[in-house]
Structures are given as C-alpha cells and as structure tokens.
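Novice: Below you'll find the structure I mean.
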Amino acid sequence: MSLILFAFVVRVGDGLPLSASTDFLHNKELQERKQQLKVISKSLSSLPERGTVKGHELNIHFLSSEGVSYMTVCACSLPAATAFCFLEDLRWEFTACFENSAVALASRPYPFLEFDSAIQKLQQHYNQKGGPSLEVTLAEVQEDLRTSPPQVLTMEDVALSNGAANGHVEQTSASGQSQRLEPISAPGILSLVLNIMCAALNLIRGDDYDGLWNVVAFLLAFLCCVCQCHLYLFHTCQKKLKSFTLLTLIILCNAFLFGLRNIWQLAFHMSVACLSTLLTLHRKLLDKNMDCGV
C-alpha cells in the first residue's frame with residue numbers, strides 16, 4: 001500500500017498551482033484532503049513554514065521555502081520525519097529544475113506540469129523503499145523536527161488565517177457566522193432540545209432554593225447550557241477550548257448540587273452536556289468544492 005498518495009507544489013503568495021502528481025486513486029478521504037489542499041494553499045502566506053493537518057486516515061504536511069510550498073497527502077502511519085524528508089527532497093528537485101524568476105512570472109495554473117514525472121519518480125522511491133536513500137538525511141530531518149516541530153493545524157485554523165490574510169479577521173473571529181458549518185444533524189437537533197430543557201430546569205429550580213451558592217450554581221449551569229447551544233450553532237475560534245470549559249463547568253455545578261438533585265437527574269444533565277460537546281466538536285466547516293488534482 002502506498003503511504004505517500006499525492007504531492008502538490010504551489011506558489012505561496014497567491015496559491016497558484018505549479019505542479020502536482022497524477023492521481024489514479026478514487027479514495028473518498030483522499031479527494032477531501034485534495035480539496036483541503038486548495039484551501040490551505042490560499043492561506044500559506046499567513047501560515048508557518050512547516051505544518052501538519054491531521055485527518056482520520058490521511059494527513060496533510062506542507063513545507064514552504066523561498067516563495068514556494070511543497071505539500072503532500074500521506075497515510076497516518078507514515079512518520080512525520082519521513083513525510084518532511086520527502087518534501088525536502090521534492091524542494092531540492094524543484095529548485096534544481098526551475099529558477100525563482102520563472103516561478104514569479106508564472107501566470108497560469110500548472111505551468112510546470114512536466115515536473116509531474118519527477119514527483120512520481122520520487123514518490124515511487126519513497127513508497128517502495130520507505131524513505132530516503134541516505135539515512136543521514138532522515139536523521140537530520142528528525143533532529144530538525146525535534147528542535148523545531150511543525151505546527152499542527154486544523155481546517156478552522158486555516159479558515160481563520162485565510163480570513164486574516166484577506167482582511168476579514170474581525171468579521172470571522174467576532175461572530176463566526178461568515179463561516180458555513182455542516183448542516184445540523186438529527187442528533188444535533190436532539191441535543192439542542194435537551195440543552196434547552198436543561199437550561200430551563202436550571203433557571204426554574206434556581207429560584208426554588210435558598211442559599212447564595214446554590215442559586216449561583218443553578219444560574220451558572222443555565223448560562224453554560226445556553227452557551228453550548230450557541231457554540232453548536234455558530235462557528236467560533238478556539239471551539240475545542242470553549243467546549244471543554246463549558247463541559248467542565250456544567251459537571252462542577254451539578255456535582256455541587258448533589259443532594260438537591262438525585263443521581264439520575266445529575267446523570268441526565270451531565271450526559272446532555274457530554275452529548276452536546278461531542279456533537280459540537282464533530283460539526284466541521286464546509287469545504288469549498290474545489291479539486292486540485294490533474
């Protein structure tokens with residue numbers, strides 16, 4: 001089985017495709033990763049020189065140098081050091097064939113399509129041999145990654161970077177509504193209904209008890225349920241941190257209310273919070289339907 005499935009060379013400034021390997025596979029996740037490559041290529045000017053976007057079975061790695069970015073889609077089982085070693089070799093091959101001036105003057109997509117044969121040859125070598133021919137090269141890359149590891153990104157990070165690069169960072173980060181999320185699923189509707197029910201119960205029962213801290217716990221749990229609904233419905237930055245913060249607060253509030261609520265009531269409220277957190281983290285941004293294959 002091939003571990004390096006696709007390679008892509010783009011210009012950093014505007015994301016212009018320069019060359020790519022020929023794709024003969026019709027793997028669904030591979031096609032999704034290739035669409036994501038196109039999105040990432042538009043944001044390279046505001047991204048670090050080295051980065052990784054992890055997927056379920058396939059990862060994206062990219063390396064930018066001298067105005068050109070070298071990107072690849074690899075199996076998750078391929079070590080990061082080997083993937084970046086492949087990108088380093090790809091960079092050397094490309095710079096040996098084309099000058100910076102030729103890259104800067106390129107005006108149409110895939111002006112260096114003939115470089116495809118060099119990509120295929122290098123890709124085949126890595127898939128058959130499992131790595132570079134010189135162990136010292138791999139050792140150097142491993143040491144470099146230990147001292148300066150690539151930044152692990154999500155597609156949300158890329159979307160925010162793309163907004164910043166195009167001057168829309170305030171609109172994107174302030175409301176998150178300019179970014180389209182996947183359609184609300186049936187479990188999502190269920191979690192919203194249950195969250196609203198939990199919020200109403202917290203608000204109603206918060207008025208039934210004496211004691212300042214009991215009232216605070218009920219009202220804080222009410223606010224957290226409302227925030228969970230908002231977090232599921234709208235895109236926002238640092239979604240993972242906010243989701244786990246809300247989940248932790250709900251669990252702590254319900255633990256404090258032990259005695260005022262029985263064990264089944266506590267289990268219900270905590271289960272709804274966990275379900276809402278899980279669905280929020282799994283609701284992704286919609287990718288543009290663009291394919292960068294040739």
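The values are calculated or read from the model by the stated rules, or taken from the named source; none is laboratory data. Computed from a predicted structure; not experimentally measured. Cβ atoms come from the backbone with ideal geometry, glycine included; neighbour counts cover every protein chain shown. Quick note on the areas: whole protein, heavy atoms, side chains included, nothing else; ligands and nucleic acids left out. Shrake-Rupley method; radii C 1.70, N 1.55, O 1.52, S 1.80 Å.
Novice: With n ≥ 4 as the cut-off for DSSP H runs, can you work out [θ] at 222 nm for the chain, using -39500 (n - 2.57) per run divided by the number of residues, rounded to the nearest 500?
Specialist: Helices in the chain give a 222 nm mean residue ellipticity of -18000 deg cm²/dmol.
Novice: Relative to the longest principal axis of the C-alpha atoms of the chain, give the angle of the C-alpha long axis of helix 212-233, reported between 0 and 90° and rounded to the nearest 10°.
Specialist: Orientation of helix 212-233: about 40 degrees from the principal axis.
Novice: Of all the C-alpha pairs in the chain, what % are more than 37 Å from each other?
Specialist: Here the tail beyond 37 Å accounts for 32 percent of pairs.
Novice: For a quick check of your reading of the filter: which chymotrypsin sites (Phe, Trp or Tyr not before Pro) in the stretch 206-284 sit in a DSSP loop and have no more than 16 other Cβ atoms within 10 Å?
Specialist: Passing sites in the stretch 206-284 are Y209, F234.
Novice: With angles folded into 0 to 90 degrees, how steeply does helix 239-256 sit against the dominant principal axis of the chain? Use alpha carbons for both and round to 10.
Specialist: 20 degrees
Novice: When the Cα centres of the stretch 100-124 and the stretch 1-71 are compared, how far apart do they sit, in Å?
Specialist: 14 Å
Novice: Ignoring ligands, DNA and RNA, what percent of the 1.4 Å accessible area of the stretch 25-101 is carbon and sulfur?
Specialist: That fraction is 49 percent.
Novice: Also: Quick check: net charge around A81, other residues with Cβ under 11 Å of its Cβ, Lys/Arg +1 and Asp/Glu -1?
Specialist: Here the charged neighbours net out to -3.
Novice: Could you compute the net charge surrounding A96? Neighbours are other residues with a C-beta less than 15 Å from the C-beta of A96; K and R count +1, D and E count -1.
Specialist: -4
Novice: Right, next: Please state the relative contact order of the stretch 1-110 as a whole percent: Cα pairs under 8 Å, 6+ residues apart?
Specialist: 30 percent
Novice: Could you state the accessible area per residue of the chain in Å², with a 1.4 Å probe and every protein chain left in place?
Specialist: Result: 52 Å² per residue.
Novice: Can you check what the net charge comes to around D14, using other residues whose Cβ is under 14 Å from the Cβ of D14 (Lys, Arg +1; Asp, Glu -1)?
Specialist: For residues surrounding D14, the net value is +4.
Novice: Now for a different question. As I understand it, the value is the acute angle between the Cα axis of helix 28-41 and the longest principal axis of the Cα atoms of the chain; what does it come to in degrees, rounded to 10?
Specialist: 80 degrees
Novice: How high is the relative contact order of the stretch 1-47, given as a whole-number percent (alpha carbon pairs under 8 Å, six or more residues apart)?
Specialist: It comes to 40 percent, rounded to a whole number.
Novice: Provide the packing ranking of 274-280, 236-242, i.e. peptides ordered by the mean count of other C-beta atoms within 10 Å per residue, highest first.
Specialist: Averaged packing, sorted descending, gives the order 274-280, 236-242.
Novice: Going down the table (K38/K121; K42/K129; K121/K284; K38/K240; K28/K284), which pairs top 28 Å between alpha carbons?
Specialist: Violating the 28 Å Cα-Cα cut-off are K42/K129; K121/K284.
Novice: If I take R0 = 35 Å and measure r between the Cβ atoms of L203 and L281 in this structure, what FRET efficiency does the formula 1/(1 + (r/R0)^6) give, to the nearest 0.05?
Specialist: 0.85
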